[in-house]
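Encoded as structure tokens, the structure appears first; notes follow it.
The values are calculated or read from the model by the stated rules, or taken from the named source; none is laboratory data. Predicted model, so just to flag it, every value in this text is computed and none were measured. Cβ sites come from the backbone with ideal geometry, for glycine too, and all protein chains shown count toward neighbours. Calculation scope for accessible area: heavy atoms of the full protein, side chains included, ligands and nucleic acids excluded. Shrake-Rupley method; radii C 1.70, N 1.55, O 1.52, S 1.80 Å.
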Amino acid sequence: MFGVVDANELRAAFTGFFAARDHEVVPSASLIPHDPTVLFTIAGMVPFKPYFLGDEPAPWPRATTVQKCFRTNDIDVVGHTARHCTFFEMLGNFSFGDYFKERAIPLAWELVTDVLGVDGERLWITVHHSDDEAAAIWADGVGVLPGRIQRMGEDNFWRMGDTGPCGPCSEIYFDKGEPHGEAGGPAHGGAERYVEIWNLVFMQYNRSADGSMTELPRKNIDTGAGLERILPVLTGTDSIFDTDVLAPLVETAEKLTGARYGREEAHDVALRIMADHGRAMTMLVADGVMPSNDGRGYVLRRIVRRAVLAARRAGARGLVTPSLAETTARIMGAAYPNVREEIEIVTDVLEREESGFDRTLRTGLSMLEDALAQLRAERVEVLPGETAFRLHDTHGFPIELTEELALEAGVTVDRAAYDEHMAAQRRRARQAAKAPAGADETAYRELLDTSGPTVFVGRSPEHYAVPVQVVGVLAGTEPGTVELFLDRTPFYAEGGGQVGDIGTIVTETGSASVFDTVAALPGLSAHRARVSGEIYAGQDALAAIDGPRREATRRNHTGTHLLHAALREVLGEHVRQQGSLVAPDRLRFDFSHRGAPAPEELDAVTDLVNQDVLTDERVLTVEVARSEAEKMGAVAFFGDKYGDVVRVVRAGPHSLELCGGTHVDALGMVGPVAVVSEGSIGSNTRRIEAVSAAATFARLRERDRQVAEAAALLKVEPAGLVDALGRLVERERAAARELSRLRASALEKEAADLAAAAERGVVVSRLDGRSPDELRSLAQAARGHGVRAAAIGGSPDGERVAIAVATGGEPDATAVVRQVAAIVAGGGGGSPALALAGGRDASRLDEALGEARRLLVSR
């Protein structure tokens, strides 16, 4: 379908393209990262994280990589779809404070359309709803039709963490066509129809702990294009398992099992699992991961066992992992030589792991099958947790495998009972080692049984600080933290979208700074804290929440109810909440709706919310039976769990909700509500972000300030700002057109001069001090002046080399640049008509150009 048809060609084309544009080609890092916050290298940017964070200076201003990555986010669906995998390769280009959006976007488009040959008419672009700059570059700089540029919500905003570098991102999607789903682009169309092939991340902000963002002094580019996503597009297939990185593994799996791909869905799933997991396990072991019972080793052990189990189900009787590893080495060895070099060690490790699991599998399967047969005979649909625990404890049978096999037999596992047995075992081990109790479900249940539920008393400001008794202290899940349990508490535990309270708990012997409050179990509140001094069970204490933070949170919670009701009034009764976040600084509301609300509909929603606020009606709450609440017409909030007695909150004339959260006493306390953003987060699901009260005033002040500053820069009154901006944009466009015309004229004159000096219809010239793009444009322009072929090379700095070759397709320009690139210690790629080589040995440039002349003249 396109010029690039296999993985090796795609890797070479990608890195060659960026190498020719002054990017350092950086070899793939190991799957075992230096970053202690992740188990594996999960993205192309992971090796460069210290540069993006500013912990280390980047050795180069620009880089490009093909990075091997491994993730298990979707491990349960691998094999069941044609596009999910655990191991994958991420193609990427990076700028460390060098170029930004204005360069990254055109480069991506050029590579995808010119080098890879993807039809631009089948590409769609998404940008963050706030990123006008990127949208303008796609439309004006690249030429993408505005109708194919869609604005998205938080999915198009990248964060490294809660704090640190962040910024909007822009994605390129390929439209597979009508047979694959509904039209409408990535924002509204079918998920299987529009395939994301490249994500461009623009790191332009630094997020502080309070959530505020400031511009980074040095802005960075981090892009990621999935090789496994792009290959099916280029080869015209619908499945990654039909491409050259996985198809040979499917064939190996067929030989090992006797099953034939495409004949039976159950066998197809097994063969795909074997192919993906076989490749992943090989790459992991080659990078030094060894099977074990924790950390990376446990993840490896799990995928080995899933692959072996799939093989046995498909009919394999002998060892399968060594053959899968050998096929992987054959496929991946050219790109990753260490896989070939370590293949003996890899096959030995995998063979021993498979053999050990085979013994576990035979014993455990026999026991599990007997248990399942007994359940069927008794018509019971739940496997006892004790049985699952015994399988694990005595035979080493993984709980995940027990659950998978039970599910296939139509049976669920009593996971709670299993977890209780595991917790009891851990508790016995701790007691034997005299270790302090940690926070786990067993400890929580003991506290609930002995001390009873936590009584929440902190709904009104007069109860934001109350005397309490400490009934339990457990070691926290984070180092240096504890979980405190009280008989009663003013702290609201996170639930129903509302964040947990923070504050302090003080006793005679210690003080605790509470950084979060959660429901450890229904009815039991855990206060996660850092303690100075000592706090122990039985002490009296004073518990006090952060009052201003709670006040802001409850304003936003009531505002969420008003927003929900207004959406139902304006858009229709089909609107239902799909999720929410109620924080002190903002509220977020996800809801079901078929498409994007019109601007006038959003205005109507905002107006209705603020009209309700202005009524200043009392917010009324009552506890009634669930059935009575339903008769009242109360709407249940997404994510909440309700008992027989529920709390009903009436907020004004339109809102009646079931809710256990905290609310204002009267609607006027909410203050003005402003919608900050609205966008799609999935099929038929929308997201609104909004602010209230002081945050709304702050937003208005900031907008007024920005408008005033912009008007002052343009020397107009704020009312004339839009007209002034329109005139300025038109002047800039006119200047850009004139500059483009002058550059084109100069280029054409120089190309004509070069063509006039052609020998035997071939132009070969050395022009130092020119960029690779200039050399390529000159070579292409020279072809337009009647010459058969042109090769123009030069060194921009006396060290690096670029050579552009234009032939019109005969001879193949790509073949020519690859031969001459080898002379200057580089590589290259492009299309048969136009290609570009890059290299690092400028001393041999003339020799390379001489070889180019020989190749072009001899054809």
> Using a 1.4 angstrom probe and counting only protein chains, how large is the accessible area of Asp487 in Å², to 10?
Replying inline: 60 Å²
> Top to bottom by accessible area (1.4 Å), largest first, where do Ser460, Ser655 land?
Replying inline: Ser460, Ser655
> Taking only C-alpha pairs under 8 Å that are 6+ residues apart, what is the relative contact order of the stretch 484-585 in percent?
Replying inline: 28 percent
> Got the relative contact order for the stretch 432-548 handy, in percent, Cα pairs under 8 Å and 6 or more residues apart?
Replying inline: 29 percent
> What does the accessible area per residue of the stretch 154-249 come to in Å², with a 1.4 Å probe and no ligands, DNA or RNA counted?
Replying inline: 38 Å²
> Label Glu408 and Asp348 with points 7 Å out from Cα along Cα→Cβ: what is the distance between them in nm?
Replying inline: 3.3 nm
> Among Val466, Ala388, Leu562, which residue has its Cα positioned farthest towards the positive end of the charge dipole of the chain, with +1 placed on the Cβ of Lys and Arg, -1 on the Cβ of Asp and Glu, and the dipole taken about the Cα centre?
Replying inline: Ala388
> Considering the dipole of the chain built from charges on the beta carbon (Lys and Arg +1, Asp and Glu -1) around the Cα centre, which of Ala253, Ile75, Gln204 is farthest to its positive end?
Replying inline: Ala253
>> Please list, short to long, the whole-number percent of alpha-carbon pairs of the stretch 170-305 in consecutive 5 angstrom bins beginning at zero.
In response: 2, 9, 12, 12, 13, 14, 14, 11, 7, 3, 2, 1
>> Net charge within 12 Å of Phe48 by Cβ-Cβ distance, Lys/Arg positive one each and Asp/Glu negative one each, not counting Phe48 itself?
In response: -3
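Would you rank Thr450, Thr237, Thr64 by solvent-accessible area, highest first, keeping every protein chain in place and using a 1.4 Å probe?
Heavy-atom accessible area, descending, gives Thr450, Thr237, Thr64.
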> If you take the Cα Rg of the stretch 1-91 and divide it by 2.2 N^0.38 Å, with N the number of residues, what do you get?
Replying inline: 1.24
>> Using alpha carbons only, how many angstrom separate the centre of the stretch 780-811 from the centre of the stretch 351-375?
In response: 65 Å
>> Once ligands and nucleic acids are excluded and a 1.4 Å probe is used, how much of Arg550 is accessible, expressed in Å² to the nearest 10?
In response: 0 Å²
>> Taking every DSSP beta bridge with both residues inside the chain, roughly what % is antiparallel (nearest 5)?
In response: 85 percent
>> Ignoring ligands, DNA and RNA, please state the percent of accessible area on the chain from carbon and sulfur, probe 1.4 Å.
In response: 50 percent
>> Exceeding 31 Å between C-alpha atoms, which entries from my cross-link table qualify? They are Lys715/Lys749; Lys49/Lys101; Lys68/Lys255; Lys49/Lys176.
In response: Lys715/Lys749; Lys49/Lys176
> Relative contact order, percent, of the chain when contacts are C-alpha pairs under 8 Å separated by at least 6 residues?
Replying inline: 8 percent
> Counting only DSSP beta bridges with both residues in the stretch 106-198, what percent are antiparallel, rounded to the nearest 5?
Replying inline: 75 percent
>> Just to be sure I follow: if Rg is taken over the C-alpha atoms of the stretch 774-836 and Rh is the Kirkwood radius over the same atoms, what is Rg/Rh?
In response: 0.96
> Semi-axes of the chain's equivalent ellipsoid from the Cα gyration tensor, sqrt of 5 times each eigenvalue, largest first, rounded to whole Å?
Replying inline: 53, 40, 25
> Roughly how many debye, to the nearest 20, is the charge dipole of the stretch 1-159 about its Cα centre, given +1 on each Lys and Arg Cβ, -1 on each Asp and Glu Cβ, and no other charges?
Replying inline: 220 debye
> Label-point separation (nm) for Glu462 and Glu573, each offset 7 Å from Cα along Cα-to-Cβ?
Replying inline: 4.1 nm
>> Just to confirm a number: summing +1 for Lys and Arg and -1 for Asp and Glu over residues other than Arg459 whose beta-carbon lies under 11 angstrom from that of Arg459, what do you get?
In response: +1
>> Please enumerate, by chain and number, the aspartates and glutamates with C-alpha under 16 Å from the C-alpha of Lys219, excluding those fewer than 8 residues away in the same chain.
In response: Asp55, Glu56, Asp98, Glu102, Asp131, Glu133
> Per residue Cα convex hull volume for the stretch 23-71, in cubic angstrom?
Replying inline: 71 Å³
>> For a quick check of understanding: with a 1.4 angstrom probe and all protein chains in place, what accessible area in square angstrom does Tyr536 have, to the nearest ten?
In response: 110 Å²
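By how many nm would the segment from Ala757 to Asp723 grow when fully extended, if each residue of separation counts as 0.36 nm and the alpha-carbon distance is taken off? Numbers along the way, then the final one.
Values: separation 34, 0.36 × 34 = 12.24 nm, distance 5.16 nm.
Extra length available between Ala757 and Asp723 comes to 7.1 nm.
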>> If DNA, RNA and ligands are ignored and the probe is 1.4 Å, what is the ranking of Glu196, Glu759 by accessible area, most exposed first?
In response: Glu759, Glu196
>> I'd like the distance separating the alpha-carbon centroids of the stretch 698-721 and the stretch 308-337, in whole Å.
In response: 64 Å
>> Helix 441-451 against the longest principal axis of the chain: what's the angle in degrees, Cα atoms only, rounded to the nearest 10?
In response: 20 degrees
>> Please list, in order, the residues from the stretch 360-398 whose amide nitrogen is less than 20 Å from a point placed 7 Å along the Cα→Cβ vector of Tyr298.
In response: 360-361, 385-398
>> Assuming 0.36 nm per residue, please report the length gained on full extension of the stretch Ile681 to Ala746 beyond their Cα-Cα distance.
In response: 18.6 nm
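Length gain on complete extension for the stretch Val716 to Ala825, per 0.36 nm per residue less the alpha carbon to alpha carbon distance?
Length gained between Val716 and Ala825: 33.5 nm.
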> Given labels modelled 7 Å from the Cα in the Cβ direction, how far is it in nm from Glu630 to Asp119?
Replying inline: 5.3 nm
